[in-house]
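Presented below is the structure to which this report refers.
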Amino acid sequence: MSRLRLATAWLGGCSGCHMSFLDLGERLIDISGSLELVYGPLVDAKVFPEGVDVALIEGAVANLENLELLQQIRERSDILVSFGDCAITGNVTSLRNFFSVDDLLTAVYHAGPGNAPRSDQAGELLPELLPRVLPLHQVVEVDAYIPGCPPDPERIWAALSALLKGEPVQLSEDQRTFG
Ligand code: SF4
């Protein structure tokens, strides 16, 4: 039986969801025979590969790079999982939605302690920010959700175990939510 091709990606998030994933520790080693990690912070792959079975996506869609990567992930993955509350609702990442992008950059880079001139800001140092931070399902179709900030490792394990057994994680509304 071929191994499940798993990818993880980190969009507008703090990496806490990935840290929780790593808390699975030895259990990840135990299932390495059934699972191949093909993309993510732990893998030296520059381009999101074709033919991914499951993609766990941490973080919300905050900038143009996030948007383009998420669209590519959707095209190349059978099952796309919204991984953690930032991906599901926007959560912490979307707090900046109370401000315009211009006001935000001015407050952080120009009026902040560094007092950087505006010419050193967006376009040179940062990917282009979207006007509003969006949860994943407002950009692409999402097949399953793993809630939490970060999701509890046991919840991640339950989801991964179901996927490895070939149990359905999409289709009905009940099956779209783990935990
Ligand atoms: Fe970080 Fe929580 Fe967002 Fe995960 S859901 S990226 S842990 S803030």
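So here's what we get for this one:
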| quantity | calculated |
| --- | --- |
| Flag for residue 73 being of a type outside the set (Phe, Trp, Tyr) and under 16 Å from residue 146 (Cβ atoms) | yes |
| Any hit, region 98-116, residues being within 26 Å of residue 162 (Cα to Cα), in contact with a helix residue (DSSP H, G or I) (Cβ under 9 Å, 6 or more places away or on another chain) and of a type outside the set (A, V, I, L, M, F, W, C) | no |
| Matching residues in region 70-104 - criterion: being surrounded by 23 or more Cβ atoms within 10 Å (Cβ to Cβ) and away from the ligand (no atom under 16 Å from the Cβ) | 77, 80 |
| Pick from region 46-74, criterion free of Cβ contacts under 8 Å to residues at least 60 places away in the same chain and of a type in the set (Val, Ile, Thr), ranking: farthest from residue 89 (Cα to Cα) | 47 |
| Of the criteria (1) in contact with a strand residue (DSSP E or B) (Cβ under 6 Å, 6 or more places away or on another chain); (2) within 15 Å of the ligand (Cβ to nearest atom), which one residue 55 fails | (2) |
| Region 10-45, subset more than 16 Å from the ligand (Cβ to nearest atom), without any contact (Cβ under 8 Å) to a residue 24 or more places away in the chain and not in a loop (DSSP other than H, G, I, E, B), residue surrounded by the fewest Cβ atoms within 10 Å (Cβ to Cβ) | 26 |
| Selection within region 111-146 - modelled with pLDDT of 95 or more and either assigned to a loop (DSSP other than H, G, I, E, B) or over 20 Å from residue 62 (Cβ atoms) (or both) | 135, 139, 140, 141, 142 |
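The values are calculated or read from the model by the stated rules, or taken from the named source; none is laboratory data. Quick caveat: nothing in here was measured; it's all calculated off a predicted structure. Please note: Cβ atoms are built from the backbone with ideal geometry, for glycine as well, and neighbour counts cover all protein chains shown.
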